Amino acid sequence: MRVVSLSVGLPRQVEWEGSTVLTSIFKEPVDRRLRVSRLNFEGDEQSDLTVHGGVDKAVYAYPAEHYDAWRRELPEVEFSWAAFGENLTVEGLFEDVRIGDRFRIGTAEFAVTQPRLPCYKLGIRFGRKDMLKRMLQNGRTGFYFAVAAEGEVGPGDAIEPIERLTEGLTVADVVRLYTVDAKNQELLLRATQTPGLPESWKEYFRKRLRNPNA
């Protein structure tokens, strides 16, 4: 397992459907080591902190292997590293990682916290609104890391497991609960009891438990 590409970007204004939108989804790969703090990589900044960023969504990782699937699905679209706004394009890690799994990359340590839920800015990035629906349907969402220990990371760094859980929800489980399996009461209960899953997710699933028809 390794980092294929390390990418960062600052907020920029783009025109979308007659309005000016501030977004940080446009990121560029770098060829040097970067310091990562509890909130982000140096040279990286989230635009809307009400839905992006924070300690539970400090670093976005996306599997490099998904790119070939996207190219087959949408051959007319150009997909280059960081196309999905990820900081780390990774090899060998997928959505079957569990919430709370921990890894060492470079001199930093990371913990898996949640899947990435696409917003309309993914549509802006590709110039097509159907990208949100496609990502949720195919499950190729990637996932967020919290920074458990600050340090430096560079492209090509190995991804070393520190702790791989044998029980608990995977990132894919959380996506499935959000989309196609929203009334699975057993899985919802497990989600509300999953250490490392952010409280906002737990509260969302608690509401589903109390009102399974919602």
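Descriptive notes on the structure:
- Residues of segment 67-94 that turn out to be surrounded by fewer than 22 Cβ atoms within 10 Å (Cβ to Cβ) and not small (Gly, Ala, Ser), as a count: 15
- Among the conditions (1) within 20 Å of Phe143 (Cα to Cα); (2) touching a strand residue (DSSP E or B) at 6+ places or on another chain (Cβ under 9 Å); (3) part of a loop (DSSP other than H, G, I, E, B), Gly53 misses just one, which is (2).
- Some residue of segment 64-86 being part of a strand (DSSP E or B), in contact (Cβ under 8 Å) with a residue 60 or more places away in the chain and within 16 Å of Val171 (Cβ to Cβ): no
- For segment 8-23, the set of residues classified as exposed (fewer than 12 other Cβ atoms within 10 Å of the Cβ) and in a loop (DSSP other than H, G, I, E, B) consists of Glu17, Gly18, listed by residue number.
- Matching residues in segment 112-145 - criterion: being touching a strand residue (DSSP E or B) at 6+ places or on another chain (Cβ under 7 Å) and surrounded by fewer than 21 Cβ atoms within 10 Å (Cβ to Cβ): Ile124
- In segment 24-42, the residues that are buried (at least 18 other Cβ atoms within 10 Å of the Cβ), in contact with a strand residue (DSSP E or B) (Cβ under 6 Å, 6 or more places away or on another chain) and not in a strand (DSSP E or B): Lys27
- Any hit, segment 47-65, residues being among the basic types (Lys, Arg), surrounded by 19 or more Cβ atoms within 10 Å (Cβ to Cβ) and out of contact with any Ser or Thr (no Cβ under 6 Å at 6 or more places or on another chain): yes
- Listed by first and then second residue, the pairs with beta-carbon distance under 6 Å, at least 6 apart or on different chains, first residue in segment 114-132 and assigned to a helix (DSSP H, G or I), second polar (S, T, N, Q) and surrounded by 18 or more Cβ atoms within 10 Å (Cβ to Cβ), are Lys121/Thr23.
- Of residues in segment 20-67 being touching a helix residue (DSSP H, G or I) at 6+ places or on another chain (Cβ under 7 Å) and of a type in the set (Val, Ile, Thr), the one modelled with the highest pLDDT: Ile25
The values are calculated or read from the model by the stated rules, or taken from the named source; none is laboratory data. Computed from a prediction, not measured in an experiment: that's the story for all the values here. Reconstructed Cβ throughout: ideal geometry from the backbone, glycine too, with neighbour counts over all protein chains shown.
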